Amino acid sequence: MHAYHLNEPRFRPFPLGAVQPTGWLRNQLRVQADGISGHLDEFWPDVRDSQWFGGDAEAWERAPYWLDGFIPLAFLLDDPALKARAAAHVEYVLVHQDDDGWLGPRTMIAASGRAASAHYDIWAQLLATKALVQYHDATGDERALRALDRTLRMLDRHLDRVPLFNWGQFRWFEGLIGIFWLYERTGEQWLLDLAVKLHAQGFHWRDFYARWPLAEPTPKGQWTYMGHVVNNAMALKAGALWWRLSSDPADRAAPYDMIAKLDRFHGMVTGVFSGDECIAGRRPTHGTELCAVVELAFSLEALLSLLGDPAFGDRLEQVVYNALPATFSPDMWSHQYDQQVNQVECSVRGDRLWSTNGPESNIFGVEPNYGCCTANLSQGWPKFAAHLWMHAEPDTLAAIAYAPSRVEAQIRGVPVHATLETDYPFRDELRFTISPQRPVRFSLLLRIPAWASEALMSVADEDPVRATPGTFARIEREWDSTTEVTLLLRMPTRVSRGYRGAVAIERGPLVYALRIGEDWRRIHREAPYRQPPHSDWEVYPTTPWNYALHLDPAAPDRDVEFLERPVGGCPFSPEGAPVIAKVHGRRVPAWQMENGSAADVPSSPVASSEPLQQLELIPYGCTSLRITEFPLLQRVRGRRTD
Ligand SMILES: [Zn+2]
């Protein structure tokens, strides 16, 4: 009767807990656990008193958003207290699942024009299914699987009466994650029928992009579901997820089409695209919502799994190593709603560029502008850590993104322990050890980033070999006892061009930005839930920022000098920056502030008679104030200024 089956993804993620962060990444997860993410259920009403957990506060997406990140945080840190809290919250949700399968409260949004209480938007249900899958992976608790089964059966019936609308319509594909996961465990065909139903009722992102009308920045004041930056970030994986069922090559191609168009019209040097809150063009003073950053990272993790293209790994690191840490205070107690690539003042003011976001969108705080990011920010680092390694049957282990970590794998029935020791992305050397419990033949795949000018790979004491950038290098052999593999990724300085021809400096996976002195001023001092350590802050510059760079874009290695500093306990902070880039520039007095932001970058090249100064750039992720896209200084013929 049924013709469908599921196509195999190129790589499979390991169950939650098999990949463990080590080194600086483990430390970063600890910072997160000690910051707002690890404490939301203790002080923030929207999670602490959530109706999902028996309280009387928010009843929509915030508790499941938080669980979707807090569960992997707790289990990756293997912290008994965090795991106990995650379990207690999941327990409440499981025990209180409605007889018809509905999870949590009957929430928030009824179909427009219909008052009947049964007409609910199912987005929060889809979101909760993702958290249940992770919880089952981490604990093996069969009740989570049964709860997922009951929820999906409820949705199957629900959609016959109430077709998708609003958030559920634009995020329908998030449901495929739990549906496919359960299908692979039960083989029940109704699950694939449900997937077909969701697709048929959901927004067709691939068709929309094929005739895409959103090349222009969203006009001020306009808000649409299809231009919504978070919806777009989530939807990048829609085509590839759906391809598992459709087998249509055009569905596999859809993410490439979407990324190319978003980059061209809305792309930022950090790998994200603008959206404040709908997609907003390439001006580096437009904002990008934190939810879009973490959802983009998760979409790229899914795309790496589904399609196996190493380019998605390059992009994932670009987002996670730049846009993600930059939008938090170094202690991860406060965050922004919108970050700017050129961000010289974070303050409350109503005259900003944002298309629809509010006056508080770029301050650092507990819930600036709106509380979605406060809950959803939790998934960024933990899911990245959980997806560093993947595998493919029967005999492939793949390192798809790089950070210090270890993984416990089973390959051809043999337990294999693999580790990666490194200070990447701040250093260029990666040291792997592969230790099978007994000799076993398999392939180790190492992602070679496209930006590498040279990649040297050595196995045990064999001579190093060159690997090809932009591919997965394959080491196939019989692995015995413990084998060391080292990979050296040469990182040339790169210059990319942005809005109005501005230049940005990149090296390896890191983007570099001007270090600006920061004056943090606490605001909302009287407000409840804004008391230290969870406070709201404006940040004002204490040093100049209006520089043009002395740089030859064709040979930037001559003009930029990189200095290494120790990788300490808080690498993503101005003081802790593990790499400093020295470059020269002159101030451009005409380039001033406008509406609380740097005015548009003057068109390059610019002339300046101000003195030539040495400037310090640090990794974008270490900054809270910064200039990242600079004008280029006019070169004086016959006279090098350095
Ligand atoms: Zn958000």
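The values are calculated or read from the model by the stated rules, or taken from the named source; none is laboratory data. Since we're looking at a predicted model, the values are computed, not measured. For neighbour counting, all protein chains shown are included, and Cβ atoms are generated from backbone atoms with ideal geometry for every residue, glycine included.
Residue by residue through region 544-565, note down the ones that are farther than 14 Å from Val503 by Cβ and more than 31 Å from the chain's Cα centre (by Cα).
Arg558
From Leu236, Leu192, Leu214, Leu241, grab the single residue that is of a type in the set (A, V, I, L, M, F, W, C), away from the ligand (no atom under 16 Å from the Cβ) and more than 22 Å from Arg315 (Cβ to Cβ).
Just a single option satisfies the conditions, and that option is Leu192.
Name the single residue that is nearest to the ligand (Cβ to nearest atom) among those in region 258-275 being over 13 Å from Met234 (Cβ atoms), in a helix (DSSP H, G or I) and of a type outside the set (Phe, Trp, Tyr).
By that ranking, first place goes to His266.
If I go through region 276-303 residue by residue, how many of them are of a type in the set (Ser, Thr, Tyr), touching a residue at least 60 places away in the same chain (Cβ under 8 Å) and within 11 Å of the ligand (Cβ to nearest atom)?
0
I'd like to check something: does region 183-197 contain any residue that is surrounded by 15 or more Cβ atoms within 10 Å (Cβ to Cβ), within 24 Å of the chain's Cα centre (by Cα) and in a helix (DSSP H, G or I)?
Within region 183-197, not a single residue is surrounded by 15 or more Cβ atoms within 10 Å (Cβ to Cβ), within 24 Å of the chain's Cα centre (by Cα) and in a helix (DSSP H, G or I).
Does region 28-39 contain at least one residue that is among the basic types (Lys, Arg), closer than 25 Å to Met390 by Cα and part of a loop (DSSP other than H, G, I, E, B)?
Within region 28-39 (the criterion being among the basic types (Lys, Arg), closer than 25 Å to Met390 by Cα and part of a loop (DSSP other than H, G, I, E, B)), the answer is no, since none of the residues qualifies.
I'm checking my understanding of the structure. Among residues of region 217-233 that are closer than 16 Å to Glu295 by Cβ and small (Gly, Ala, Ser), which one is farthest from the ligand (Cβ to nearest atom)?
The selected residue is Gly227.
Kindly check whether there is at least one residue in region 386-408 that is within 16 Å of the ligand (Cβ to nearest atom), surrounded by 24 or more Cβ atoms within 10 Å (Cβ to Cβ) and not small (Gly, Ala, Ser).
The answer is no, given that none of the residues of region 386-408 is within 16 Å of the ligand (Cβ to nearest atom), surrounded by 24 or more Cβ atoms within 10 Å (Cβ to Cβ) and not small (Gly, Ala, Ser).
Among the residues of region 345-380 satisfying the criterion of being more than 16 Å from the ligand (Cβ to nearest atom) and not basic (Lys, Arg), which is surrounded by the most Cβ atoms within 10 Å (Cβ to Cβ)?
Selected residue: Cys346.
Restricting to region 260-290, what's the tally of residues that are in contact with a Lys or Arg (Cβ under 8 Å, 6 or more places away or on another chain) and of a type in the set (Val, Ile, Thr)?
0
Okay, residues lined up against (1) of a type outside the set (S, T, N, Q); (2) free of Cβ contacts under 8 Å to residues at least 40 places away in the same chain; (3) under 15 Å from Gln134 (Cβ atoms):
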site	(1), (2), (3)
Leu16	yes, no, yes
Gly23	yes, no, no
Gly35	yes, no, no
Phe43	yes, no, no
Val47	yes, no, no
Gln51	no, no, no
Gly54	yes, no, no
Ile71	yes, no, yes
Ala87	yes, no, yes
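Can you name the number of the only condition in (1) more than 22 Å from Leu563 (Cβ to Cβ); (2) at pLDDT 95 or above that Arg626 fails?
(1)
Within region 386-445, count every residue that is within 23 Å of the chain's Cα centre (by Cα), part of a strand (DSSP E or B) and among the acidic types (Asp, Glu).
Matching residues across region 386-445 total 1.
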